[in-house]
Amino acid sequence: MITLEAPRSLAGEAKPWQTLGLSKAGLARFLNRARAEAGIEGEVHVLLANDATLRRLNRQFCGKNAATDVLSFPAAESGAGVAGDLAISLETAARQAARFGHSLRDEVRVLLLHGVLHLAGFDHEADAGEMAAREADLRRKLGVETGLIARVKADKGVKA
């Protein structure tokens, strides 16, 4: 399930998804393909929100008082039919999309894939490149041109 917490600028907008250039059905199809490719069997719930919401969630659950692009919350119990939750900041995603020269839709897909890999148990901050390799493989399979880990490494001058 994907929920859009429409930005204030779209309050009262009849079709906020279309105004943002997003398709709920298209993102759901992509999420389901990414989930299947990552080996996740349970549902993944996604909240598309603003920086303030991501800052609040990041502070509450991760102890970091800053907005971020994507947060992943694996389900406490496996077998409950839910693999976990993702929260994505549309404001940060829009800035990143502009920076990297692609659409908001494409950036949300990058963030969905990254979040799904975290739900599958990967952790790029603690592994020896396994998540980066898996992200690169799934990017090719799912038609995603860029990946979050590869971009961060490129920004730091590290070969991905």
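The values are calculated or read from the model by the stated rules, or taken from the named source; none is laboratory data. None of the values given here were measured: they were computed from a predicted structure. Don't worry about glycine lacking a Cβ; one is built from the backbone with ideal geometry, like all the others, and counts go over all protein chains shown.
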Which condition number in (1) over 14 Å from the mean Cα position of the chain (by Cα); (2) closer than 14 Å to Val70 by Cβ is the one that Arg134 fails?
(2)
Selection status of Val144, under 17 Å from Ser23 (Cα atoms), among the β-branched types (Val, Ile, Thr) and in a loop (DSSP other than H, G, I, E, B)
yes
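Which one of Gln60, Gln96 is without any contact (Cβ under 8 Å) to a residue 40 or more places away in the chain, closer than 27 Å to Glu130 by Cβ and out of contact with any Pro (no Cβ under 8 Å at 6 or more places or on another chain)? Talk me through it step by step, then tell me what you get.
Working: Gln60 fails: closer than 27 Å to Glu130 by Cβ.
Only one candidate passes the filter, namely Gln96.
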Identify, by number, the condition in (1) part of a helix (DSSP H, G or I); (2) among the hydrophobic types (A, V, I, L, M, F, W, C); (3) free of Cβ contacts under 8 Å to residues at least 40 places away in the same chain that Ala126 doesn't meet.
(1)
Can you run down the residue pairs with Cβ atoms below 6 Å, 6 or more apart or on separate chains, where the first is in the stretch 1-13 and closer than 15 Å to Thr53 by Cβ and the partner is assigned to a loop (DSSP other than H, G, I, E, B) and at pLDDT 80 or above?
Pro7/Asn50
Residue check, Ala75 against (1) crowded, with 16+ Cβ neighbours inside 10 Å; (2) out of contact with any Leu (no Cβ under 6 Å at 6 or more places or on another chain); (3) modelled with pLDDT under 95; (4) under 19 Å from Pro16 (Cβ atoms), all met but one. Which one?
(4)
Filtered residue count, the stretch 59-72, keeping only those that are closer than 19 Å to Leu119 by Cα, crowded, with 17+ Cβ neighbours inside 10 Å and over 11 Å from the mean Cα position of the chain (by Cα):
0
Being part of a helix (DSSP H, G or I) and either among the hydroxyl-bearing types (Ser, Thr, Tyr) or closer than 16 Å to Leu20 by Cα (or both): is that true of Val116 here?
no
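Assigned to a helix (DSSP H, G or I), surrounded by 14 or more Cβ atoms within 10 Å (Cβ to Cβ) and of a type in the set (Val, Ile, Thr): does that describe Val108?
Details: assigned to a helix (DSSP H, G or I): yes; surrounded by 14 or more Cβ atoms within 10 Å (Cβ to Cβ): yes; of a type in the set (Val, Ile, Thr): yes.
Here the answer is yes, as Val108 does meet what is asked.
In the stretch 1-28, which residue that is among the charged types (D, E, K, R) and farther than 19 Å from Val70 by Cα is modelled with the lowest pLDDT?
Keep residues of the stretch 1-28 that are among the charged types (D, E, K, R), which gives 5, 8, 13, 15, 24.
Add one more test, that the residue is farther than 19 Å from Val70 by Cα, and what stays is 8, 13, 15.
Details: Arg8: 75, Glu13: 80, Lys15: 85.
Ranking the candidates gives Arg8 first.
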Taking the stretch 85-105, which residues are over 19 Å from Ala34 (Cα atoms) and in a helix (DSSP H, G or I)?
Leu90, Glu91, Thr92, Ala94, Arg95, Gln96, Ala97, Ala98, Arg99, Phe100
Taking first residues from the stretch 19-40 that are on the phi > 0 side of the Ramachandran plot and second residues anywhere that are in a helix (DSSP H, G or I) and of a type in the set (D, E, K, R), the pairs with Cβ under 8 Å that are 6 or more apart or on different chains are Gly21/Arg105
Pull up the stretch 129-146, narrow it to residues that are free of Cβ contacts under 8 Å to residues at least 24 places away in the same chain and buried (at least 20 other Cβ atoms within 10 Å of the Cβ), then point me to the one that is nearest to Ala36 (Cα to Cα).
Glu135
